[in-house]
Every structure is written in C-alpha cells, then in structure tokens.
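Heads up: the structure comes next, in structure tokens.
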Amino acid sequence: MRTLGLSSVAFLCFPALAMVFLLTGYRTPQAAEVASKTSANRNEPTLIFRQIFKSSYPEYVKITVKQDGQGSWDIRQLDETPSPRPLHIDALLTQKLFALASDLHDFRGVKLDVHRRIANLGQKTFYYRDGTQENQVTFNYTVNKAAQQLLAIFYGLQRQELDLSDMKRVMRYDQLGINDVILRVQRDVSEKLLPEPAVLLPTLDQIAASSNLMDMSRRRARAIAEQIREAQSKN
C-alpha cells in the first residue's frame with residue numbers, strides 16, 4: 001500500500017483547512033488589524049452637517065468631522081456627481097464643534113426650528129454618530145445660540161474649502177479669473193468668516209510667487225498672507 005508524503009497530505013488538507021478558516025471567521029493578523037482599524041474608525045464620534053437648498057449655489061453641502069479632526073466635505077449642485085474630498089481641522093476647532101454639539105445633547109431629542117413662518121433658508125441637518133448611536137435634528141432657521149455658533153463654524157468651513165479649491169482651480173485652468181477669486185478670499189479673511197484661514201497660506205504664497213499671474217493678484221495674495229500671519233502672531 002502506497003503511503004502519502006507530508007507534502008501530499010498538506011496539499012490534500014489545504015482546501016479543508018481553508019474551508020474551516022472561512023467558516024470560523026479566521027483572519028490573518030494583517031486582515032484583523034485592518035478590520036480593527038475600520039471598526040474603530042466607524043465607531044469614532046462623528047459630527048455631520050448637511051444642507052440642501054434647491055435653486056441656490058451650492059445646492060448641496062455635506063461636511064463630516066471625526067473626533068480626531070479628520071473628515072470630508074462635499075459641496076456641489078444636486079445634479080452633480082458626489083465627490084467628497086478630505087478635510088482636516090485642528091484640535092481646538094474640533095473640540096469646539098463637539099463641545100457645541102454636547103451643549104445640544106448631541107442632537108438627542110432637541111428641537112431647533114422656530115415656530116413661525118419664515119422664508120425657506122435651506123434644509124439644515126446636524127447628525128451625531130457614535131458607534132450604533134445616531135441622533136439628528138433638521139431645521140430651517142433657529143434662534144438657539146449653540147446651534148447658531150455650530151452653524152457659523154460649518155458655514156465658515158464651507159467658505160474656506162471653496163476659497164481654497166477655487167484658488168487652486170483658477171491657478172491651473174483660469175488664470176484670468178484669479179483676481180475675482182482673490183478679492184473674495186480677501187473679503188472672507190478681513191471679515192473673519194473663515195475658522196482656519198492659515199490653511200490658505202501655502203496657496204496664497206504660491207500665487208504671490210507665480211510669474212504667470214497678474215501682478216495685481218500677486219500683490220493682493222501677498223497682502224492676504226501677511227494679514228493672516230499677523231493675526232496668528234497675536235494669538
């Protein structure tokens with residue numbers, strides 16, 4: 001009677017072992033580590049702001065911020081393809097967002113909309129997610145101070161990301177349009193509408209140093225950058 005060698009036995013047993021691993025949920029250490037990180041990321045406390053305002057620009061805004069400051073933003077018209085982009089905000093601003101949400105009981109059972117007739121200002125929704133818990137509140141207009149502050153920060157992040165993406169876009173594709181964008185950025189910075197204007201500095205410095213752009217735009221970009229740095233030095 002012929003006996004099987006060890007290699008033959010291993011070959012014959014491999015399909016059976018593979019089936020056992022699949023049925024028992026066995027995962028390699030690498031796969032387990034990835035799954036652990038994914039689960040932790042999914043369970044991390046997260047704030048989401050969404051606004052839908054038809055016939056405006058933009059019609060759709062969605063900003064997501066996790067407790068570590070990482071997140072995403074998607075700002076577009078409703079008929080455009082979703083295109084979320086990465087977002088990162090600093091620890092202090094992240095803490096401020098979550099503190100305001102906490103003041104609103106993480107949106108659990110809270111009512112924000114006013115009870116009187118007001119023009120349509122867009123459907124706004126705050127979401128709070130933490131593991132299996134998810135709370136949300138939708139409103140058109142509110143007089144709640146914490147909600148107004150939270151809304152102002154999300155609006156500021158919206159303007160900030162649009163300013164940054166528009167500067168990059170016109171630098172690359174529409175250099176004649178750079179001055180209009182720079183004027184808008186200058187107004188937003190001067191009126192302190194942006195929660196983290198320092199994120200604009202690398203792009204402003206790039207515009208200021210570009211010999212392909214109009215001298216007026218370069219000077220204005222340099223002035224905005226100086227204004228931001230001066231404000232930073234005072235904080």
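Bear in mind these aren't lab numbers, they're just calculated from the coordinates by the rules spelled out. None of the values given here were measured: they were computed from a predicted structure. No Cβ is skipped: glycine too gets one built from the backbone with ideal geometry, and neighbour counts run over all protein chains shown.
Couple of notes before you dig in:
- Local net charge near Ile48, Cβ-Cβ under 11 Å (Lys/Arg +1, Asp/Glu -1): +2
- Peptides 215-227, 106-118, 154-166 ranked from most to least packed, by the mean per-residue count of other Cβ atoms within 10 Å: 154-166, 215-227, 106-118.
- Net charge contributed by nearby residues that have their C-beta within less than 14 Å of Arg219 (K/R +1, D/E -1): 0
- Potential lengthening between Thr132 and Ser55 on full extension [0.36 nm per residue; Cα-Cα distance subtracted]: 24.2 nm
- Radius 13 Å from Cβ of Ser165, net charge of other residues (Lys, Arg +1; Asp, Glu -1): +2
- Ranked by how many other beta carbons lie within 10 Å on average, peptides 87-95, 46-54 from highest: 46-54, 87-95
- Packing, as the average of other Cβ atoms within 10 Å across residues, places the peptides 122-133, 60-71 in the order 60-71, 122-133, highest first.
- Given +1 at the Cβ of Lys and Arg, -1 at the Cβ of Asp and Glu and no other charges, the dipole of the stretch 43-155 around its Cα centre is 420 debye to the nearest 20.
- Pairs of lysines in the stretch 43-155 (C-alpha under 18 Å apart; 8 or more residues apart or interchain): 8
- Rounded FRET efficiency, nearest 0.05, which uses the C-beta distance separating Asp215 from Gln67 and R0 of 35 Å: 0.20
- Simple label model, 7 Å out from Cα along Cβ direction - Ser190 to Lys96, nm: 2.2 nm
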